[in-house]
1. Determine whether TYR280 is under 22 Å from TYR521 (Cα atoms), surrounded by 14 or more Cβ atoms within 10 Å (Cβ to Cβ) and modelled with pLDDT of 90 or more.
2. With in contact with a helix residue (DSSP H, G or I) (Cβ under 9 Å, 6 or more places away or on another chain), assigned to a helix (DSSP H, G or I) and farther than 13 Å from ARG472 by Cα as the only criterion, which of GLY527, GLY555 stands out?
3. I'd like the full set of residues that are among the hydroxyl-bearing types (Ser, Thr, Tyr), closer than 27 Å to SER349 by Cβ and in contact (Cβ under 8 Å) with a residue 24 or more places away in the chain, limited to region 613-664.
4. If you take the residues in region 661-681 that are of a type outside the set (S, T, N, Q) and surrounded by fewer than 17 Cβ atoms within 10 Å (Cβ to Cβ), which one is nearest to VAL445 (Cα to Cα)?
5. Could you please find all residues in region 240-267 being of a type in the set (A, V, I, L, M) and within 18 Å of VAL38 (Cβ to Cβ)?
6. Scan ALA287, ALA296 and give me the residue that is buried (at least 19 other Cβ atoms within 10 Å of the Cβ), over 25 Å from the mean Cα position of the chain (by Cα), at pLDDT 90 or above and part of a helix (DSSP H, G or I).
7. Restricting to region 371-411, name every residue that is of a type outside the set (S, T, N, Q) and at pLDDT below 95.
8. Which of the helices (runs of 4 or more DSSP H) found entirely inside region 376-492 contain at least 1 residues meeting this: closer than 26 Å to PHE661 by Cβ, aliphatic (A, V, I, L, M) and touching a His at 6+ places or on another chain (Cβ under 8 Å)?
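The values are calculated or read from the model by the stated rules, or taken from the named source; none is laboratory data. Bear in mind that the values here come from a model prediction, so they are computed numbers and not experimental data. With ideal geometry, Cβ positions are generated from the backbone for all residues, glycine too; neighbour counts draw on all protein chains shown.
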Amino acid sequence: MNAQVSRLIPVLLLKDGLIVRSQTFSVHQVIGNPMSTVARLSDWNVDELLILSIGSGLLSDLRRDDLHQAYVGTSTINVLAEIAKVCFMPLTFGGGIRTLQDIEDRLINGADKITLNTEAVRNPTFISEAARRFGEQAIVVSIDAFKNATGAYEVAVDGGKVGTGWDPANWAREAQERGAGEIFLNSIDRDGTARGFDLELSQSVTLAVNLPVILCGGVGSYEDLAPGLLEGGAAAVAAANIFHFRELSYIHAKEACLAAGVEMRPTSLGMHYIEREPRYDRGSENARLTSRLERAEAFKPEGGVVVGSLPSVEVRWCTECVYPSLSAAPMEFDSDGVCTGCQMARVKSAIPTSAWEARREILIDLVDAYRDKSGGRYDCIVAVSGGKDSYFQVHVLKEELGLNPLLVTYDGNNWTEVGWRNLLRMREVFHVDHVIVQPSVRTLVSLNRQAFVTMGDMNWHAHVGIMTTPMRVAVEHGIPLVFYGEHGYLDVSGQFSMDDFPEVTYRDRLEHFGRGYEWSYFEGREGLEKRDLITWMYPTDEEIQRIGLRGIFLGNYIEWEANTHTPLMIERYGFEVNSEPFDRTYRLMSNLDDMHENGVHDYLKYVKFGYGRATDHASKDIRAGIISRAEAIELVRHYDPIKPRDLTRWLDYVGMSEVEFDAISDTFRDHRVWGHDNKGWLRQEIT
């Protein structure tokens, strides 16, 4: 049954408090914070939203004191209640529903409809009971289907693990008779594969019932959506992974459906009642800061604040690399204890040369579409810091692909001497134009100090500035294509599949780089005015749409291994590595643009989570086959606990004492990682 006006529905998978990417119901990769994801979908005025909780019901590490958007409590209902605060669209919520009370709890806490799956199959009268009590319009029956060994379609339950013997069409008819108001049909075989909808499955179910059917599973491009409506007979189409990969993805998806002849509610940007930038309640934010400073005042230099003798949760480590289970970049572990970062590294290393060549061809086609044939403007912008990866990016784009790039740099005023020389050399060795944006030092000092107290990270300005400045310059010059190096979370924690080709998005910038703190948070603090913060203001959605702005990660298309391409950059372009060791890592070639990234900024990560830059670098080098896990453990044990020398520079810079720094830092310690006895702070050692 195809409704007169079709719907397009994003699906979010919620696992243990975090949004995950799914593939064939078996591989889950953490994407991030549900609140920021839902808020961004609200920006786009989506038709509806469907959230499925597929986890254990326990929460993951969004219970962090350095994030703006977190939640209080330890259940899925607590997360739903927080999601509802930023959800301005009809919301269907499912997963873990076993009783009528479960349904009531979800409806009371923000859901408009609920989905039933496993319990409905095991106890079909539950559908009738739910429909009578809450109304048919509130009950959606979810059907997960796969092709069994005989080639027939079969319904599965328990997260797709257990076959039931039910034919999907027959079960859909049964659900309709029992009082379901809608069917959500998901193909297990197509989930996360980007092969398009299973139209045969869809047709079998839509012809069997008179209910609206929502079709899901297999969308790999915007063009995959319309066939589900036009050929599959669905009343609505839904997708999960695709909405995480590209800016304004929902708008692009709707445009593709409309272009294919689907009758659908149009989207619009810039609606007066929707503001993309979050509003912060100044009263509650001030109370939060006051509470932190009061806790810092209670700090005792001789011993700290006693919080118990042991961490409250046992930390475990990846069995292949040295990442802990409670990390700054959330990751999943498989049944063998291998993290998703290592899992995706395996996938990456298995990509054959022919596939990398095919990816390069995709890149060539992409840049050719943006290449300026008139010679009147730059072909693209390259975000550069003067580091090894920056040199490699420009080498590929200019010397190998023949583009005329404009280099753009955010100057956070924390350069090493070597890093500054590397940056200035780029203009000459590559014969390119270079824009360096240098914010006021007074503003930078204020942001350093304020961000440290607010989120335990003085480098908020740099993380957000790096992801904002090149995009702002792109809009100002009308250049729609911006290049970055590799996707950090894909590389570190395996956040995406290598076939997802994620791009720069506002949500990713705000959530991962800004920890939920936008420039507007700092307005009015330490005398900062709106005009002082222009550097950190991201282009509007209207500007992004107007020029078709895209931020591309080159590492999706080019085989990327810093240990391999750094020697080439040294030999060919005179790139310099650091002449003296860093305090907190053994690598000499990383983060030369910001002395604090490898130093005090990283030390704060250690204070929060119990690990630091040496863990990051050692894990990458294990995956690259350069060092063994045993060698990595020795490096981690040596480097991660070191308090760095550059702290002296930073304290001078912002006018703070070391005692004050330590006191405030200690308020950010995660008590799932850190304990305390009469000798000081304790953490579990890596094994």
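1. Criteria met by TYR280.
2. GLY555
3. Those that are among the hydroxyl-bearing types (Ser, Thr, Tyr), closer than 27 Å to SER349 by Cβ and in contact (Cβ under 8 Å) with a residue 24 or more places away in the chain: THR615, SER619, TYR639.
4. Ranking the qualifying residues of region 661-681, first place goes to ASP662.
5. Within region 240-267, ALA240, ILE242, LEU248, ILE251, ALA253 meet the criteria.
6. ALA296
7. Of everything in region 371-411, those that are of a type outside the set (S, T, N, Q) and at pLDDT below 95 turn out to be ARG371, ASP372, LYS373, GLY375, GLY376, ARG377, GLY386, GLY387, LYS388, ASP389.
8. 441-455
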